[in-house]
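The values are calculated or read from the model by the stated rules, or taken from the named source; none is laboratory data. A quick note: this is a predicted structure, and the numbers were derived from the prediction, not measured. Neighbour counts run over all protein chains shown; Cβ positions are idealised from the backbone, glycine included.
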Amino acid sequence: MQTTFTDAQLADPATARANKILRTCVHCGFCTATCPTYQVLGDELDSPRGRIYLMKDMLENERVPDAKTVKHIDRCLSCLACMTTCPSGVHYMHLVDHARAYIDKHYQRPLTDRALRWMLAQILPYPMRFRVALLLAKIGKPFARLMPDARLRAMLAMAPKTIPPVSRNDDPQSFAPDVPGKMRVVLMTGCAQKALNTDINDATIRLLTRLGAEVVVARGAGCCGALTHHMGKETESHAAAARNIHAWTEEIENGGLDAIVINTSGCGTTVKDYGHMFEGTELAQKAAVVAALAKDVSEVLVDLMDQETVPSQARAANAGLTIAYHAACSLQHGQQIKSHPKTLLKQAGFRVAEPADAHLCCGSAGTYNLMQPEISGQLKTRKVQTLEAVSPDIIAAGNIGCMMQIGSATEVPIVHTVELLDWATGGPQPPALTAPGKSEPAIPDLRMPL
């Protein structure tokens, strides 16, 4: 793609990076075949190629963004399926992130949009605020139909039936390994996940310590910054990221780390991009070190687990269970991790089935299901239909957003991959498998010592 940025424009590092990305695009259109919003809406401007044209025009001409451009960029899920498909290596993620930050600085959104975005940015990254909001949403749920805005109705609908108690495992501390000496890792406990589902972090800690890892929850770490980053709010997102970098650098310097383990793939994609986010700043070197240490939990587990880790009795019992594996976009496209979770589940003895169109997004995408509920709902329906078509006993996923999205539309229990692996190696049965209102497959108790 030809661009005409001036030398003065290219003096800005962010614009120079955008120019480089734009020039790699050859207009081939392969991205349209795997773009969820293009498949749902059928509009070229709701495809990556169409959005690239809009972003080029906006950035190159330094235009004040118009409502049409903002609408189509807002409709992007940032699922990054286009990056997996693109034969030219167009780094769409960095381009759309830059465009969103530009829009946030130069576009005056309608008052209701500004209010909703401000509210989400002030609540979701903070677990205790989020808990209070979920409680209020639960109270207001019966009145959802009276809400004038579909986005408000979506926010009320998101409230779970039960809000889990606070887990003390999320407090800063260190968990000693059962078999010392293998590795020392930091666990990123996240933000929204701590309010929505405390079982995931608990299972991760049990599993990693059982397999010989010392697990540290670092003081001062919190939200990765993804939720505000994808809204174009660079000040807030970079501040959150900087807090994590400082907290984890302290652990690196004081005890050394083999990995920063992340069990929410959306967070993992963002943390692995810290080096890019802080390029050219005083935090650049530390950010690059943190990004290099960041690992999805499945990347760590493939080195610690094998078939012998799982007791033969558990493997035999698991063989009767079919797991529909949902590949989160942030894992398969953002981090390019496609096989590890399936390999681990198979090693544990489970039968693993993949749905049709596994590359397509479920419609969660951070705050997307709240801000674009109609499109998100269509994608959710499609995803649940393909998952249920493989007749699973359980659905497994590696991202809390996907779990909430899919779980709201199916009676099949949905659990994190780590919970199943913890259960198979001697941990407790995942609570979601016996939760009220869910189908209860005939699953034996596998709690047994290694």
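Can you tell me which residue in region 38-74 is nearest to residue 361 (Cα to Cα), limited to those that are small (Gly, Ala, Ser) and over 22 Å from the mean Cα position of the chain (by Cα)?
42
Please work out which residue is surrounded by the most Cβ atoms within 10 Å (Cβ to Cβ), limiting yourself to region 393-435 and to residues that are without any contact (Cβ under 8 Å) to a residue 24 or more places away in the chain and among the polar types (S, T, N, Q).
429
Could you please let me know if residue 134 is of a type outside the set (Gly, Ala, Ser), touching a Leu at 6+ places or on another chain (Cβ under 9 Å) and under 21 Å from residue 195 (Cα atoms)?
yes
Identify, please: which residue in region 223-246 is small (Gly, Ala, Ser) and surrounded by fewer than 20 Cβ atoms within 10 Å (Cβ to Cβ) and is, among those, farthest from residue 285 (Cα to Cα)?
Result: 239.
In region 165-178, how many residues are surrounded by 12 or more Cβ atoms within 10 Å (Cβ to Cβ) and more than 20 Å from residue 224 (Cα to Cα)?
4
Applying the selection to region 207-233, what residues are within 21 Å of residue 248 (Cα to Cα) and part of a helix (DSSP H, G or I)?
Those that are within 21 Å of residue 248 (Cα to Cα) and part of a helix (DSSP H, G or I): 208, 209, 226, 227, 228, 229.
Let's see how each residue does on (1) closer than 12 Å to residue 367 by Cβ; (2) free of Cβ contacts under 8 Å to residues at least 12 places away in the same chain:
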| residue | (1), (2) |
| --- | --- |
| 125 | yes, no |
| 129 | no, yes |
| 133 | no, yes |
| 140 | no, no |
| 144 | no, no |
| 150 | no, no |
| 155 | yes, no |
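Is one or more of the residues making up region 371-392 closer than 23 Å to residue 268 by Cβ, acidic (Asp, Glu) and either surrounded by 22 or more Cβ atoms within 10 Å (Cβ to Cβ) or not assigned by TED's automatic domain parsing to the domain that holds residue 266 (or both)?
No.
Out of the residues in region 74-102 that are in contact with a helix residue (DSSP H, G or I) (Cβ under 6 Å, 6 or more places away or on another chain) and β-branched (Val, Ile, Thr), state the one that is surrounded by the fewest Cβ atoms within 10 Å (Cβ to Cβ).
84
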